[in-house]
Amino acid sequence: ELEYLIKLNIQKGKAFSTLGQGKDGFNAFQSALDILHYAPCASNSDFDRSVSFPIFSGLFVVLKMGAVTQDSDSSYEKGLCKQFVEQARLNNDPVHYGRALAMEGETLARLGNFEEALETLDVIKSIYDIESQHAAICKSYGSDRVGQAFHHSINWNHALGQTDAALATCKYIVNEIVPKSDPKNVHNTICLLYSVFVTMKENGMALEAHDIFNLRIVKPFEQHFGSNGSTFSKPLWKPILMLLDLQGNQDRPINNIDEYLAWALDENNYILKPAMLEGAWGNFGPTPTALLAEIPYFLSRRDECRKHRNCLLQRAITQMTISLDNAKSKNMIL
């Protein structure tokens with residue numbers, strides 16, 4: 001009965017997290033962990049340790065949402081990772097051990113230990129087999145949070161000035177991980193590709209990124225859910241595609257330039273809905289507001305937008321300032 005109560009609190013935590021209610025999600029996950037700690041069955045040798053793994057993962061998710069107040073040493077986060085890695089290692093299941101290592105890597109990187117974070121990826125590479133583990137990881141954690149460790153490592157390599165390694169990881173994700181992932185799980189796909197798109201566009205491959213976005217995100221989504229379907233990241237698709245088009249065609253005509261300009265001049269388009277998009281994707285790469293800021297910037301450089309140049313530049317500066325403030329206040333990626 002206690003196991004069912006634990007699972008009920010886990011599902012509550014997941015639901016609250018999905019709705020962006022981090023505090024309520026934390027309370028539900030913490031209740032599940034407290035029950036587990038005080039349950040006599042948890043000390044039995046035949047106890048299924050995997051019951052606890054979604055709790056650790058869920059607490060980590062709400063922690064990144066800012067729902068957990070930590071001390072200056074991030075003791076709570078460190079302790080959470082230590083428990084998860086040890087319990088998953090003892091359980092001897094690569095699905096959960098891989099997730100625990102991915103969580104440890106994110107924690108190390110958030111604390112500025114990028115080289116140690118990359119060492120966790122080396123261990124993940126030795127146990128991760130997407131073809132046999134992807135479905136089980138998604139079932140347990142909602143998306144392939146082990147595969148997403150490769151995505152996070154792009155940012156770790158950037159932090160160390162290792163651009164070639166970051167680009168090599170982008171290529172591996174595009175060619176090896178995404179094609180073997182469930183195309184219906186579009187949320188997982190964009191989690192895998194978010195920083196890939198940013199890295200590609202910053203290295204002269206914006207149009208290639210544009211094509212990959214359509215091929216791996218837009219088309220599969222419309223095929224399985226229709227053009228009117230919804231998913232968490234969908235409000236960002238149009239501006240991301242717009243940005244990739246603008247950056248990739250800086251010296252060439254753009255058919256939709258009037259549409260892009262009208263979008264950029266409407267201040268309502270810079271209001272993220274839901275607002276939690278900023279924090280969620282700010283943990284995967286540059287905040288969405290930073291990407292939105294680039295749209296008026298690239299438009300301001302075009303001759304056909306000359307008469308709106310001052311307005312566009314001011315909008316770009318305003319949005320980038322907001323992005324920096326958000327990233328610094330919530331310890332997101334700058």
* **Inter-probe distance in nm under a simple model that places probes 7 Å from Cα toward Cβ, at K7 and A262** => 5.2
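Full-extension gain between Q314 and D129, please, as 0.36 nm times their residue separation minus the C-alpha to C-alpha distance.
Working: separation 185, 0.36 × 185 = 66.60 nm, distance 4.76 nm.
Once the chain is fully extended between Q314 and D129, it gains 61.8 nm.
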* In whole angstrom, how far apart do the alpha carbon centroids of segment 77-128 and segment 261-334 sit? -> 33
* Compactness of segment 283-334 - radius of gyration and Dmax, Cα, Å -> 12.3, 38
* Would you please state the base-10 log of I(q)/I(0) at q = 0.17, 0.24, 0.28 1/Å for segment 90-161, with intensities from the Debye formula using one equal scatterer on every alpha carbon? => -0.56, -1.01, -1.25
* **Förster radius 41 Å - calculated FRET efficiency between N175 and D325, Cβ distance, rounded to 0.05** => 0.65
* Cα-Cα pairs of segment 219-310 separated by more than 22 Å (percent) -> 35
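Would you mind counting up the charge near D24? Only other residues with Cβ under 14 Å from its Cβ, with Lys and Arg at +1 and Asp and Glu at -1.
Taking every Cβ under 14 Å from that of D24, the sum is +3.
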* Asked: How many times 2.2 N^0.38 Å is the alpha carbon radius of gyration of segment 179-334?
  -> 1.03
* How do the peptides 256-265, 50-59, 226-235 rank, highest first, by the average count of neighbouring beta carbon atoms within 10 Å per residue? -> 50-59, 256-265, 226-235
* How would you order 68-74, 113-119, 162-168 from highest to lowest mean count of nearby Cβ atoms within 10 Å? -> 113-119, 162-168, 68-74
* To the nearest 10 square angstrom, how much accessible area does T289 have with a 1.4 angstrom probe? -> 10
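Can you pull the Kirkwood radius for the chain, inverse mean 1/r over Cα pairs, to one decimal in Å?
Kirkwood radius, the chain: 21.0 Å.
Rounded, prolate or oblate: which fits segment 228-282 when a ≥ b ≥ c are the square roots of the eigenvalues of the alpha-carbon gyration tensor, with rounded for a/c under 1.5 and prolate only if a/b beats b/c?
In terms of gyration-tensor shape, prolate.
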* **Debye, to nearest 20: dipole size of segment 1-136, +1 on Lys, Arg Cβ, -1 on Asp, Glu Cβ** => 400
* Pop a pseudo-label 7 angstrom from the Cα along the beta-carbon direction at both R252 and K82 and give the gap in nm to one decimal. => 5.5
* To do: Keeping the other protein chains in place, figure out the carbon and sulfur percent of the accessible area of the chain, with a 1.4 Å probe.
  => 50
* Asked: Just from the alpha-carbon atoms, what are the Rg and Dmax of segment 72-205 in angstroms?
  -> 14.5, 45
* Structure fact -> Heavy-atom accessible area per residue of the chain, all protein chains kept, 1.4 Å probe, expressed in Å², is 48
* **Relative contact order (percent, whole number), segment 186-282, Cα cutoff 8 Å, 6+ residue spacing** => 29
* To do: For every helix of n ≥ 4 consecutive DSSP H residues, a contribution of -39,500 (n - 2.57) applies; sum these over the chain, divide by its total residues, and give [θ] at 222 nm rounded to the nearest 500 deg cm²/dmol.
  => -21000 deg cm²/dmol
* Note the per residue figure in Å³ for the convex hull of the C-alpha positions in segment 141-201. => 72
* To do: Mind checking which aspartates and glutamates have their Cα closer than 19 Å to the Cα of K64? Skip sequence neighbours fewer than 8 apart in that chain.
  => D24, D73, E77, E104, E106, D144, E278, D325
* Cα axis of helix 186-201 to longest principal axis of the chain: angle in degrees, 0 to 90, nearest 10? -> 50
* To do: Please provide three numbers in whole Å: the alpha-carbon extents of segment 3-128 along the principal axes, with the largest listed first.
  => 39, 34, 24
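Mean separation of Cα pairs under 8 Å and 6+ residues apart, divided by the residue count of the chain: what relative contact order is that in percent?
Value for the chain: 10 percent.
Cα-Cα over 24 Å: which of K238/K273; K23/K201; K23/K82? Spell out each step's value before the answer.
Numbers: K238/K273 13 Å; K23/K201 36 Å; K23/K82 22 Å.
Those over the limit are K23/K201.
The values are calculated or read from the model by the stated rules, or taken from the named source; none is laboratory data. This is a predicted model, so every value here is computed, not measured. Using ideal geometry, Cβ is built from the backbone for each residue, glycine included, and neighbour counts are taken over all protein chains shown. Just the protein is used for accessible areas: all its heavy atoms, side chains included, with ligands, DNA and RNA removed. Shrake-Rupley method; radii C 1.70, N 1.55, O 1.52, S 1.80 Å.
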